[in-house]
């Protein structure tokens, strides 16, 4: 039975006021008791400083001032450690409910955000080759339920667009301009004398010159709301949350730490909101590509290729890092600059989707990623 | 190369990606003078002044019934205020709808220009419900006519009369004043100079152009009797019961009330006007409308709006000459403007006002209507609430008024909101060159392409330096 709209309205008005770095939730429904949440990190999140290959001999030299000291991080195994900001996530890892995937990428090999996100979300092998998203195709594979899916966002993201119905509902609060956008505008106005002067004045007033953290964000409220909605017996089964601010070309230390902290809060409150349903839930966190192995001249990194992904949930066969690690030696870097990908993210997605909903992996691969000729879904990600 | 950008963005209201760019920009603009619709669908659905006034008259009758207790009266007043606000809000949306789909963007822009030149402000509650009908009835039908016709229509419209307190302006020696003095010698009935002053200072001659305070008072006296049917209160309403010449059966319509009129000839800027009744003020207005000072005033404002904050003196002179030569024929003025080389010299000379920016953004995003948007609050957030400039001088037309630190941040916030609601359905990398032909810089295009999501790229396009100007 579809959730009455009024209940949805009051549900949303209560919880998610502002959004952390503008995340938005999108839901779809199907008749199963499993849940699947896709958290996308828009802007090419840096996998190397999130799941840190501290034992790789080249890491510290490449990253210079950006290198995370393993003593500060959470040791995952003999090779990798988790960024210190991911506190709750680390606990999930230690409890066996989180696994990391590394050196993973979509088939896309250029470096444009827009095009790469399109490939990531459509499951195509080239940008704009497909007009719908793999998450929507997944909805169509599930037992026919009330196909009354609702998107908690002004617009349905590409991954959830397609023939399976997903309606949208815009959150009540007006987001303020994200810090990322304000920074980009500042760069845009550099060469314009009139606007540059005005903008500097505006930013001074806002205190962006200082490193003050921004308390507008409400990742906790958002996660709890999404979780509680997914937990309802007649609620959605599939959700997508969009996060941004990951494009750390400069000031990566502070900005990545902040982003990961918000992500950590989001994940923890999502788990709390789901309650016992957490045991039936799988969360996938992924980004469109990674960042350069070496630090750049502005304390950041530029667009790369391979990155990291995370799986979390009550059924995850976790407590490990799944990676065919190529290393960061000069000869091992892709294009001489990026982490070389050794896994196709589509194989990861197909495996997660199939195991989450107990579907035939071959069928899932063929439906979600029809453009791929040979796709072997990763196995053993979840306890069945 | 940038002629297209100038035609579309400076003279027009901004590129619509679903319309082909004009091959001959000047001809395209001139052609629009023939395509203009004074009463397009968006406006046709709005209530007329007459309909609105009828509603108020009926509401007032309810309030004034003797049986009505205090609570009923308060409730009725609240209902009236809410209706006034609803009308205002709805009219703002209609104005935006019209701007999004007009077949004649330059004429639509001129409507906005004149509406601001003859500004009323909705923060005066009595004028608020008529703000939309003012633009629809006094400005739109006259934008391609003669200045004098527009002037008369404006000064006779209920919005202007109510805004500047003309409705109950009473001549000191008028019939009503004499009768009332007879009854109560201590009670003074007032001449109101507000409208007369603004007519000279703002609408026609311009400030400090050779008229004196005495001239203002004389014009105010000449204008007594110029009133609106059905909307007077107090002594004016009582006059309606006495004065057999007034037509109270047509609320909202302009009416001349002889009982309010100051009798006798008036002398204004050296000219004696001895016409009887309504014709007296009309004769003054016609002379003001064709005065060299008015020509210069209008020319300056038009050149400022279309070319530069500091209007080129040669252009102002040419425009004023065209105005005088034709006795204020507006299309001639517009053609002179379109022909002016100064207007085509360089793009991006004018910083967009919030209204300019918002409409060009919505057009650029391909919107054909404002469904789902509340335009009035949006213009308020951006610092330019439609029809509410707070003064009869209207909004300023120079960058200093609009290019301010916080105003820029508001635009960025709104751009993000507009872009988020579009998501990745529009690619700013291809939209940019369409909206800003030959004007978009490689730096801006680069910034757009490097954005971390499609909607960020779109927001950057909308706040780019090139898009902030026309």
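The values are calculated or read from the model by the stated rules, or taken from the named source; none is laboratory data. All values reported here derive from a predicted model rather than from experimental measurement. Ideal geometry is used to build each Cβ from the backbone, glycine not excepted, and the neighbour counts take in all protein chains shown.
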Inset, instruction - For residues that are within 14 Å of chain A (Cβ to nearest Cβ) and assigned to a loop (DSSP other than H, G, I, E, B), scanning just the range B:380-413, find the one that is nearest to residue A:117 (Cα to Cα). - result: B:382
Inset, instruction - Considering every residue within the range B:341-363, establish whether at least one is in a loop (DSSP other than H, G, I, E, B) and farther than 28 Å from residue B:440 by Cα. - result: no
Inset, instruction - Kindly provide the set of residues from the range B:268-284 that are assigned to a strand (DSSP E or B), free of Cβ contacts under 8 Å to residues at least 24 places away in the same chain and touching a helix residue (DSSP H, G or I) at 6+ places or on another chain (Cβ under 8 Å), ordered by number. - result: B:271
Inset, instruction - For residue A:245, indicate whether it is at pLDDT 85 or above, under 27 Å from residue B:451 (Cα atoms), out of contact with any strand residue (DSSP E or B) (no Cβ under 7 Å at 6 or more places or on another chain) and surrounded by fewer than 19 Cβ atoms within 10 Å (Cβ to Cβ). - result: no
Legend entry - Any chance residue B:23 is farther than 25 Å from residue B:357 by Cβ, without any contact (Cβ under 8 Å) to a residue 24 or more places away in the chain and surrounded by fewer than 22 Cβ atoms within 10 Å (Cβ to Cβ): yes
Inset, instruction - Sort out which residues of the range A:115-127 are surrounded by fewer than 24 Cβ atoms within 10 Å (Cβ to Cβ) and either part of a strand (DSSP E or B) or in contact with a helix residue (DSSP H, G or I) (Cβ under 8 Å, 6 or more places away or on another chain) (or both), and write them in order of number. - result: A:125, A:126, A:127
Inset, instruction - Among the residues of the range B:414-440, write down those that are within 8 Å of chain A (Cβ to nearest Cβ) and outside any helix (DSSP H, G or I). - result: B:421, B:422, B:423, B:424, B:425, B:427
Legend entry - Matching entry among A:185, A:166 (being modelled with pLDDT of 60 or more, buried (at least 22 other Cβ atoms within 10 Å of the Cβ) and away from chain B (no Cβ under 12 Å)): A:166
Inset, instruction - Within the range B:89-111, work out how many residues are under 26 Å from residue B:165 (Cβ atoms) and crowded, with 21+ Cβ neighbours inside 10 Å. - result: 4
Legend entry - Unmet requirement for residue A:111, which otherwise passes all of (1) out of contact with any helix residue (DSSP H, G or I) (no Cβ under 9 Å at 6 or more places or on another chain); (2) farther than 16 Å from residue A:311 by Cα; (3) more than 14 Å from chain B (Cβ to nearest Cβ): (3)
Legend entry - Test: residue B:458 is surrounded by 21 or more Cβ atoms within 10 Å (Cβ to Cβ), under 25 Å from residue B:8 (Cβ atoms), within 13 Å of chain A (Cβ to nearest Cβ) and modelled with pLDDT of 95 or more: yes
Inset, instruction - Mind listing whichever residues of the range A:287-299 are surrounded by fewer than 23 Cβ atoms within 10 Å (Cβ to Cβ) and in contact (Cβ under 8 Å) with a residue 60 or more places away in the chain? - result: A:294, A:295, A:299
Inset, instruction - Please work out if residue B:389 is surrounded by fewer than 21 Cβ atoms within 10 Å (Cβ to Cβ) and touching a helix residue (DSSP H, G or I) at 6+ places or on another chain (Cβ under 6 Å). - result: no
Inset, instruction - Looking for whichever is under 19 Å from residue A:302 (Cβ atoms) and at pLDDT 95 or above here; the options are A:81, A:90, A:103, A:85. Which one fits? - result: A:103
Legend entry - Meets criteria (at the interface with chain A (Cβ under 7 Å from one of its Cβ atoms), buried (at least 24 other Cβ atoms within 10 Å of the Cβ) and modelled with pLDDT under 95) for residue B:452: yes
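For (1) touching a strand residue (DSSP E or B) at 6+ places or on another chain (Cβ under 6 Å); (2) modelled with pLDDT of 95 or more; (3) in a loop (DSSP other than H, G, I, E, B), each residue gets a yes or a no:
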| position | (1), (2), (3) |
| --- | --- |
| A:269 | no, no, no |
| A:283 | yes, yes, no |
| A:295 | no, yes, yes |
| A:301 | yes, yes, yes |
Legend entry - Out of B:469, B:363, sole residue that is more than 9 Å from chain A (Cβ to nearest Cβ), more than 23 Å from residue A:191 (Cα to Cα) and modelled with pLDDT of 95 or more: B:363
